[in-house]
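Q: Shown below is the structure under consideration.
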Amino acid sequence: MSTYPKKAFVLAAGMGQRMRPLTDNCPKPLLVVDGKTMLDRALDALAEAGVEEVVVNTHYLGEMIAAHLKNRKHPRITISHETELLDTAGGVKKNLAFFDNEPFYVLNADVLWTNGRAPTLKNMADAWDDATMDVLILLHEAADIPAYAGHGDYYLAAGSDRPVFAKDMQKANTIFAGPRIVHPRLFDDTPDGKLGFLQLFHKAEKTGRLAAVLHDGEWHHVGTPEAFAETNRIFAKKKAV
């Protein structure tokens, strides 16, 4: 990609039900890991990648997220509150005009990853090919996170950038790590309202326009209070070394 995306969407509307009781009075994106909220970690990564404007969607305890972001100057924040949850992709489609028919980042505010040898989001932008991709996803090797409760998502052959969704007879060797670059055309011929990104990934894979980058940094699963506590322990241990 000759120029990096200047806009992004951050998903922050989830209920955080698996994280209770931590999320009884705090939205999951505002939970703090090593002194910084997970939402700020996502926004800082976008700022590092040159992003200037970000839409953050909210729902559960959305007023807390809006208040937290009120004084943030960079990137510039637009809040998109959802009175009814629109799933992972529905909220993005609702704001599609914001992106001016240009590729943009989509990040989860409740997934924790770190840069590898180079900034992850810039690596993804460098790998983007507008002629052959509608969506580019970040994958992480499943073997690197044996404690992860899931079973992987995609099979990615060595040297390939085209992932294959894991079906019953095909063992996944990677998990979807969260970050993605999306072109607005991915949403062509999709319904308004509730819409999931997995449906769009399947659509892009079917047409040969789903691509992937393998993540070489760290990825931490923070889906439960126990995993969240363990992630904080890992970060604290690193600081103590």
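The values are calculated or read from the model by the stated rules, or taken from the named source; none is laboratory data. Given the structure is predicted, the values throughout are model-derived calculations rather than measurements. Cβ atoms come from the backbone with ideal geometry, glycine included; neighbour counts cover every protein chain shown.
Q: Might you let me know whether the range 89-111 holds any residue that is farther than 26 Å from His183 by Cβ and over 17 Å from the mean Cα position of the chain (by Cα)?
A: No, there is no match, as no residue in the range 89-111 is farther than 26 Å from His183 by Cβ and over 17 Å from the mean Cα position of the chain (by Cα).
Q: Using the structure shown, decide if Lys94 is within 21 Å of Phe197 (Cα to Cα), buried (at least 21 other Cβ atoms within 10 Å of the Cβ) and charged (D, E, K, R).
A: On the way: within 21 Å of Phe197 (Cα to Cα): yes; buried (at least 21 other Cβ atoms within 10 Å of the Cβ): no; charged (D, E, K, R): yes.
So Lys94 fails the test.
Q: Hey, can you tell me all the residues within the range 60-80 that are closer than 14 Å to Gly14 by Cβ and among the aliphatic types (A, V, I, L, M)?
A: If the condition is that a residue be closer than 14 Å to Gly14 by Cβ and among the aliphatic types (A, V, I, L, M), then Leu61, Met64, Ile65 are the ones that fit.
Q: In addition: Would you mind stating whether Asp144 is out of contact with any helix residue (DSSP H, G or I) (no Cβ under 9 Å at 6 or more places or on another chain), among the acidic types (Asp, Glu), exposed (fewer than 14 other Cβ atoms within 10 Å of the Cβ) and closer than 23 Å to His220 by Cβ?
A: yes
Q: Would you mind stating whether Asp188 is among the acidic types (Asp, Glu), surrounded by fewer than 18 Cβ atoms within 10 Å (Cβ to Cβ) and modelled with pLDDT of 90 or more?
A: Taking the combined requirement at face value, the residue satisfies it.
Q: If I filter the range 222-232 for residues that are at pLDDT below 95, under 15 Å from the mean Cα position of the chain (by Cα) and more than 21 Å from Asn101 (Cβ to Cβ), do I get at least one hit?
A: Yes: the range 222-232 contains one or more residues that are at pLDDT below 95, under 15 Å from the mean Cα position of the chain (by Cα) and more than 21 Å from Asn101 (Cβ to Cβ).
Q: Then there's this: If a residue has to be within 18 Å of the chain's Cα centre (by Cα) and either under 14 Å from Lys7 (Cβ atoms) or free of Cβ contacts under 8 Å to residues at least 40 places away in the same chain (or both) to count, how many in the range 58-78 make the cut?
A: 3
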